[in-house]
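This report refers to the structure that appears directly beneath it.
The values are calculated or read from the model by the stated rules, or taken from the named source; none is laboratory data. Not measured: the values here are computed from a predicted model. No Cβ is skipped: glycine too gets one built from the backbone with ideal geometry, and neighbour counts run over all protein chains shown.
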Amino acid sequence: MTTPRPLSLAVLLPLAACASTPDAPPLPETQEWFWQALSSHCGEAYEGALASSDARDADWAGKRMIAHWADCSDSRVAIAFHVEDAEAPGGWNRSRTWLLTRTSDGLRLKHDHRHEDGSEDAVTQYGGDTLSAGTAGVQDFPVDAFSIALFEREGLSASLTNVWRIEVDPAGTQATRFAYQLTRRNDPTRLFRVEFDTSSPVTPPLPAWGW
């Protein structure tokens, strides 16, 4: 597993000065820094690729990927995750959007999965909430009760102990990176990880399906 890089104090202090609003509940200091770092990329898009080597993800290897900060507010950041796919319309699968929100208890990650016509997939809105303050650059989201029930209903028993991770560096800092990662508490061999170079924005893609 890649070791997260520490963020410089010079970058974090200005971010921490940003106050919450009525629509954005106050967060622990490290989560506030994380949220401001995440929000600093709003409107941008970045290219990335698979960074892990689990054989279960062989179909993802070598495919271009784009993360697009498509919609931002004080309390929610929506990041569309586009994956190159020769069989999808226009050569891209645009079915996935990561939704990060501020809650009264911390941060939440949900996965919005849609079909090309915009309708929801049978497996959507799953994710989890932070159980600790994390760090300024890394937050973990263990699977929540809603998602466990969804996975059980859909026969996805392997996903019952999912833990998702988001890593982000503030925009404008040197050699910045954004990463999305999946591990499982009951399977130490499971690792899915994609990384994006946030130091070099690309042209934003078409909207994700349903957006």
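Assorted remarks:
Yes/no per residue for (1) in contact (Cβ under 8 Å) with a residue 40 or more places away in the chain; (2) of a type outside the set (Val, Ile, Thr); (3) surrounded by fewer than 16 Cβ atoms within 10 Å (Cβ to Cβ):
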residue	(1), (2), (3)
Val143	no, no, no
Ile148	no, no, no
Glu152	no, yes, yes
Asp169	yes, yes, no
Asp187	no, yes, yes
Glu195	yes, yes, no
Thr198	yes, no, no
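- Looking only at residues of segment 82-135 that are of a type in the set (D, E, K, R), touching a residue at least 60 places away in the same chain (Cβ under 8 Å) and within 26 Å of Val202 (Cβ to Cβ), we find that the one that is surrounded by the fewest Cβ atoms within 10 Å (Cβ to Cβ) is Glu116.
- Residue in segment 4-15 that is closer than 20 Å to Thr203 by Cα and either acidic (Asp, Glu) or at pLDDT below 95 (or both) present: no
- Per the listing Val194, Val163, Val202, the residue uniquely farther than 16 Å from Val138 by Cα and of a type in the set (A, V, I, L, M) is Val202.
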